[in-house]
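Take a look at the structure set out below.
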Amino acid sequence: MHGASTQKNAPWGLARISNKLPGKDHMTYTYDESAGEGTCTYVLDTGIEVDHPEFEGRARFVQNFVDNADLDANGHGTHIAGTIGSKTYGVAKKTQLFAVKVLNEYTAGQTSGILAGMDFIVEDAATRKCPKGIVVNMSVSVASSPAINAAARYIVKSDASRVSPSNEPMACTVGATAQNDTRASFSNYGVSVDVFAPGVDIKSTWIKGGVKLESGTSMATPHVTGLAAYLLGLKDIKASELCNLIASMSLKDVMKGIPENTVNLLIQNGEAM
C-alpha cells in the first residue's frame, strides 16, 4: 500500500465513488497514490486525443479499424479515457491508456471492425509491459451479437478485464446514476447489470485540449474501468475476478428508482470514511 491522496473539489463522479454520502459537502476524491500504476487500459472507441495535457504522456494511439485518421475527431473516446485515467478527471490517474479506434467521427462503425479491435487487444496486450494487469473499456453500442460476446469471453480468458454497457455475462456490465443517487433515465437495468456508477453530467477531457460535460451509460462505464485498473494496481487479483470484487465493495441499497430484478450497487474505491 502507498499513502492516500485527496483531490479537493473533485468532479462529482469521482467524489461519489470515494464517499459514502452524496452532495456538496462530500466533494473530495480520496485514493491510494498507486493510482493504477503498472496497469494498461485499452479504450475501444473513437480514439483518444493522446497529446491532451491531462494524459501527461500516458496515452498512445495503437490501432485503427475504421478509417485512416489516427485521431479522435468526435471526442467520445477522449472523454472516456479522461474518466479512466486523466490527471484531474480520472479514477486511475497513473494507468497507461491505449486507443483502439473502431468508431468514426460520427460514432459509427462496423461489427467486423469492433471484432477486429477486440482480437487485436488480446494480441497487442501480450507485447506490452503491464505488470499489474490489463483492462478494456468498451463503451460501444452494438446489437446483441454471439460473435461480440465470444470475443469478450476471449478477452476475459486472456486475463484482461472487460467493462461494458452491454450484456455479455463475462464482462462487467454497468448502469448509470445521477448526482441524487437515482438511476439515470437512459440507464441499463435488469439482471445483466452488475453495478452502477455516475453517468450524468460527467466532466472529463475533450478534443482540442478541452473539457466537457457528457451524460450516458458510456460515461458510467469508464468509472468502473478506471476502478478496475486502480484495484489491479493495489491487489494481487486476476482481472477475471475484478467485477465480483467491485460489486462486493459497492454501496448497497443507496440508490432510488431501481427496477425489480436489478442490483442496487453503487461502486466505491474502498477509501470512504
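How many residues are in contact (Cβ under 8 Å) with a residue 40 or more places away in the chain, small (Gly, Ala, Ser) and not in a helix (DSSP H, G or I) when one looks only at the stretch 57-107?
So the answer is 7.
Confirm whether Gly36 is touching a strand residue (DSSP E or B) at 6+ places or on another chain (Cβ under 7 Å) and buried (at least 23 other Cβ atoms within 10 Å of the Cβ). If you could, list the steps in order and put the result at the bottom.
Numbers: touching a strand residue (DSSP E or B) at 6+ places or on another chain (Cβ under 7 Å): no; buried (at least 23 other Cβ atoms within 10 Å of the Cβ): yes.
Answer is no for this residue.
Please determine whether any residue of the stretch 180-187 is closer than 29 Å to Leu115 by Cβ, more than 15 Å from the chain's Cα centre (by Cα) and surrounded by 23 or more Cβ atoms within 10 Å (Cβ to Cβ). Reasoning before the result, please.
First, pick out the residues of the stretch 180-187 that are closer than 29 Å to Leu115 by Cβ: 184, 186-187.
Pick out the ones that are also more than 15 Å from the chain's Cα centre (by Cα) and you get 184, 186-187.
The next check asks that each one be surrounded by 23 or more Cβ atoms within 10 Å (Cβ to Cβ); those that pass are 187.
Looking through the stretch 180-187, at least one residue is closer than 29 Å to Leu115 by Cβ, more than 15 Å from the chain's Cα centre (by Cα) and surrounded by 23 or more Cβ atoms within 10 Å (Cβ to Cβ).
Residues of the stretch 212-230 being among the hydrophobic types (A, V, I, L, M, F, W, C) and either within 18 Å of Val43 (Cα to Cα) or part of a loop (DSSP other than H, G, I, E, B) (or both), which ones?
Narrowing the stretch 212-230 to residues among the hydrophobic types (A, V, I, L, M, F, W, C): 213, 219-220, 224, 227-229.
Correct list: Met219, Ala220, Val224, Leu227, Ala228, Ala229.
I'd like to verify a number: residues in the stretch 252-272 that are closer than 16 Å to Trp12 by Cα and modelled with pLDDT of 95 or more, how many? Spell out how you get there, then give the answer.
Filtering the stretch 252-272 down to residues closer than 16 Å to Trp12 by Cα leaves 255, 266-269, 271-272.
Still in the running and modelled with pLDDT of 95 or more: 255, 266-269.
Looking only at that region, the number is 5.
Just to be sure before I move on: is Glu37 of a type outside the set (Lys, Arg) and in contact (Cβ under 8 Å) with a residue 60 or more places away in the chain in the structure I sent?
Details: of a type outside the set (Lys, Arg): yes; in contact (Cβ under 8 Å) with a residue 60 or more places away in the chain: yes.
Yes; evaluated as a whole, the condition is true for this residue.
Residues are listed down the side, and each one gets a yes or a no for (1) surrounded by 21 or more Cβ atoms within 10 Å (Cβ to Cβ); (2) closer than 15 Å to Ala184 by Cβ; (3) out of contact with any strand residue (DSSP E or B) (no Cβ under 8 Å at 6 or more places or on another chain):
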{"site": "Lys203", "(1), (2), (3)": "no, no, no"}
{"site": "His223", "(1), (2), (3)": "yes, yes, no"}
{"site": "Ala228", "(1), (2), (3)": "yes, no, no"}
{"site": "Gly233", "(1), (2), (3)": "yes, no, no"}
{"site": "Glu241", "(1), (2), (3)": "no, no, yes"}
{"site": "Ile246", "(1), (2), (3)": "yes, no, no"}
{"site": "Glu260", "(1), (2), (3)": "no, no, yes"}
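Exactly one condition in (1) part of a loop (DSSP other than H, G, I, E, B); (2) of a type outside the set (Gly, Ala, Ser); (3) over 29 Å from Gly75 (Cβ atoms); (4) at pLDDT 95 or above is not met by Asp236; state its number.
Result: Asp236 passes all but (4).
Looking for whichever is in contact with a strand residue (DSSP E or B) (Cβ under 8 Å, 6 or more places away or on another chain), among the charged types (D, E, K, R) and either surrounded by fewer than 20 Cβ atoms within 10 Å (Cβ to Cβ) or at pLDDT 95 or above (or both) here; the options are Lys208, Lys212. Which one fits?
Residue meeting the stated conditions: Lys212.
So in the stretch 40-51, with the set limited to residues that are touching a residue at least 60 places away in the same chain (Cβ under 8 Å) and not aliphatic (A, V, I, L, M), which one is farthest from Gly117 (Cα to Cα)? Break it down stepwise before answering.
First, pick out the residues of the stretch 40-51 that are touching a residue at least 60 places away in the same chain (Cβ under 8 Å): 40-46, 49.
Within this subset, residues satisfying the condition of being not aliphatic (A, V, I, L, M) are 40-42, 45-46, 49.
Values: Cys40: 16, Thr41: 14, Tyr42: 10, Asp45: 9, Thr46: 12, Glu49: 18 Å.
It comes out as Glu49.
Hey, can you tell me all the residues within the stretch 238-262 that are touching a residue at least 40 places away in the same chain (Cβ under 8 Å) and under 19 Å from the mean Cα position of the chain (by Cα)?
Initial filter on the stretch 238-262 (touching a residue at least 40 places away in the same chain (Cβ under 8 Å)): 238-240, 242-243, 246-247, 250-251, 254-259, 261-262.
Scanning the stretch 238-262 gives Lys238, Ala239, Ser240, Leu242, Cys243, Ile246, Ala247, Ser250, Leu251.
For (1) at pLDDT 95 or above; (2) charged (D, E, K, R); (3) surrounded by 22 or more Cβ atoms within 10 Å (Cβ to Cβ); (4) in a loop (DSSP other than H, G, I, E, B), each residue gets a yes or a no:
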site: Ser5; (1), (2), (3), (4): yes, no, no, no
site: Leu14; (1), (2), (3), (4): yes, no, yes, no
site: Asp25; (1), (2), (3), (4): no, yes, no, yes
site: Thr41; (1), (2), (3), (4): yes, no, yes, no
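In the stretch 43-61, what count of residues is obtained for those that are buried (at least 24 other Cβ atoms within 10 Å of the Cβ), within 16 Å of Thr225 (Cβ to Cβ) and in contact with a strand residue (DSSP E or B) (Cβ under 6 Å, 6 or more places away or on another chain)? First the steps, then the outcome.
Of all residues in the stretch 43-61, those buried (at least 24 other Cβ atoms within 10 Å of the Cβ) come to 43-49, 59.
Now restrict to residues that are within 16 Å of Thr225 (Cβ to Cβ): 43-46, 48, 59.
Now narrow it down to the ones that are in contact with a strand residue (DSSP E or B) (Cβ under 6 Å, 6 or more places away or on another chain): 43-44, 48, 59.
Here the count works out to 4.
Taking the criterion of being within 23 Å of Ile246 (Cβ to Cβ), surrounded by 20 or more Cβ atoms within 10 Å (Cβ to Cβ) and modelled with pLDDT under 75, would at least one residue in the stretch 133-151 satisfy it?
yes
The values are calculated or read from the model by the stated rules, or taken from the named source; none is laboratory data. Because the structure is a prediction, the values reported are computed rather than measured. With ideal geometry, Cβ positions are generated from the backbone for all residues, glycine too; neighbour counts draw on all protein chains shown.
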